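Down below is the structure, laid out as structure tokens.
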Amino acid sequence: KLATLNVDVKEQQQQLTENEILLKTEQQYWQLISLQEKQKTLEKYELLLGGIRKQVDDAFKAGLIIKNDVLKVQIKQSELEANKNKLLNGKKLATMQFCQTIGIPYDSTLVLQEVIDISQSPYQYYTDNQNALTQRTEYQLLEKSVEATQLQTKMKTGDYMPTVAVGLAGYHINMLEKGVNNYTNGLAYVSVSIPISDWWGGSYAIKEQKIKQRIAENTFEDTKGLLNLQMEKAWTDVNETWKQIAIMQETALQAEENLKVSQTGYESGVVTLSDLLEAQALVTETADKLTEAQTQYKLAVTTYLQVTGRK
């Protein structure tokens, strides 16, 4: 029974490792998606800044603004170029890591085709913790651990119990002489062995094993509480990231509207160049935060599904 149990444990440990690798892969996947979306946002900002640069260059040539305004745009472009290089390097490393994880050769042209779908609300993924608990591989491993210590206690007790041996022996003689009968005889025996000399030490060995069994049972009960806490934390993360998406969507809309007003004001001469550049930077910043919120939500959902025994 213990050997069969060990086979089950090894299979569940393999499943646990597989779950960890799947979650790691999912994390790397959404990290790469996030970097791709941020690259798109940065390229859009680069176009906006390029348009502003053309406007200030023309205005400076016409004598409408001072050199200082041109330098402000140049500084922003330099900052943008530095951030772009940093993002591209990070994306390259993330792509290399992702390719290694899924077991394919690195391809610098790899692009993940993914539309971040956030149409499903958290409640479509919800499940009761108590129902999900028994589906957890960790829970099943703990159950096996308790069962193993129970079997070991029985084995340890059996080592110091009296043993009974039953035997049977027999023989048959075939007489070849005529007129002489063949005959058969047999012997049955029973022996009892009582381990008197080792019983004193054996009682302490059994007691020690029972303590180990109790420790395994206590660990099981304690870990059940921790697994419940983990599932509750995962569910909280799903709800928090979902709410964060709504907040950042509203913030992004406000930033876009602020940029339009600033652009119109700048062209009319009532808004400074610094304010316009700040409005453009704010649009980029809020767009990046929205992307992060969306990818974090997808990852939180994946984590929640896994810690509730689903894939």
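The values are calculated or read from the model by the stated rules, or taken from the named source; none is laboratory data. Every value quoted in this text rests on a predicted model; they were computed, and no experiment measured them. Note that each Cβ is placed from the backbone with ideal geometry, even for glycine, and that neighbours are counted across all protein chains shown. Accessible surface is based on the protein model in full, side chains and every heavy atom, while ligands, DNA and RNA are left aside. Shrake-Rupley method; radii C 1.70, N 1.55, O 1.52, S 1.80 Å.
Output the residue which, of all residues in segment 59-73 that are aliphatic (A, V, I, L, M) and not in a loop (DSSP other than H, G, I, E, B), is most open to solvent (accessible area, probe 1.4 Å).
Ranking the qualifying residues of segment 59-73, first place goes to 71.
Filter segment 1-57 down to residues that are of a type in the set (A, V, I, L, M), open to solvent by 60 Å² or more (accessible area, probe 1.4 Å) and in contact with a helix residue (DSSP H, G or I) (Cβ under 6 Å, 6 or more places away or on another chain), then give me how many there are.
1
Kindly indicate whether any position in segment 74-86 is touching a Gly at 6+ places or on another chain (Cβ under 9 Å), open to solvent by less than 60 Å² (accessible area, probe 1.4 Å) and within 25 Å of residue 300 (Cα to Cα).
Checking segment 74-86: not a single residue is touching a Gly at 6+ places or on another chain (Cβ under 9 Å), open to solvent by less than 60 Å² (accessible area, probe 1.4 Å) and within 25 Å of residue 300 (Cα to Cα).
When only residues in segment 256-289 that are of a type in the set (Ser, Thr, Tyr) and open to solvent by less than 60 Å² (accessible area, probe 1.4 Å) count, which is nearest to the chain's Cα centre (by Cα)?
Ranking the qualifying residues of segment 256-289, first place goes to 286.
Looking at segment 197-209, is at least one residue assigned to a helix (DSSP H, G or I), out of contact with any strand residue (DSSP E or B) (no Cβ under 6 Å at 6 or more places or on another chain), modelled with pLDDT of 85 or more and open to solvent by 80 Å² or more (accessible area, probe 1.4 Å)?
no
For segment 222-240, which residues satisfy the criterion of being under 14 Å from residue 145 (Cβ atoms) and open to solvent by 40 Å² or more (accessible area, probe 1.4 Å)?
Once the filter is applied, which keeps residues that are under 14 Å from residue 145 (Cβ atoms) and open to solvent by 40 Å² or more (accessible area, probe 1.4 Å), segment 222-240 yields 222, 224.
It is to be established whether one or more residues within segment 141-148 are acidic (Asp, Glu), closer than 28 Å to residue 15 by Cβ and either open to solvent by 30 Å² or more (accessible area, probe 1.4 Å) or not in a helix (DSSP H, G or I) (or both).
yes
Among the residues that make up segment 42-58, is at least one of them in contact (Cβ under 8 Å) with a residue 40 or more places away in the chain, aromatic (Phe, Trp, Tyr) and in a helix (DSSP H, G or I)?
Yes, that holds for at least one residue.
Between 113, 120, 135, 130, which is in a helix (DSSP H, G or I) and either modelled with pLDDT of 65 or more or open to solvent by 60 Å² or more (accessible area, probe 1.4 Å) (or both)?
130
If only one of 308, 219, 303, 251 is open to solvent by less than 30 Å² (accessible area, probe 1.4 Å), in contact (Cβ under 8 Å) with a residue 24 or more places away in the chain and β-branched (Val, Ile, Thr), which one is it?
308
Consider only pairs whose beta carbons are under 7 Å apart and that are at least six residues apart or on different chains; among these, list those whose first residue lies in segment 124-141 and is within 23 Å of residue 298 (Cα to Cα) and whose second residue is open to solvent by less than 70 Å² (accessible area, probe 1.4 Å) and of a type in the set (Lys, Arg).
Within 7 Å, the pairs are 133/224.
Name every residue in segment 1-27 that is over 23 Å from residue 112 (Cα atoms), among the polar types (S, T, N, Q) and touching a Leu at 6+ places or on another chain (Cβ under 8 Å), in order of residue number.
Passing the criteria: 12, 13.
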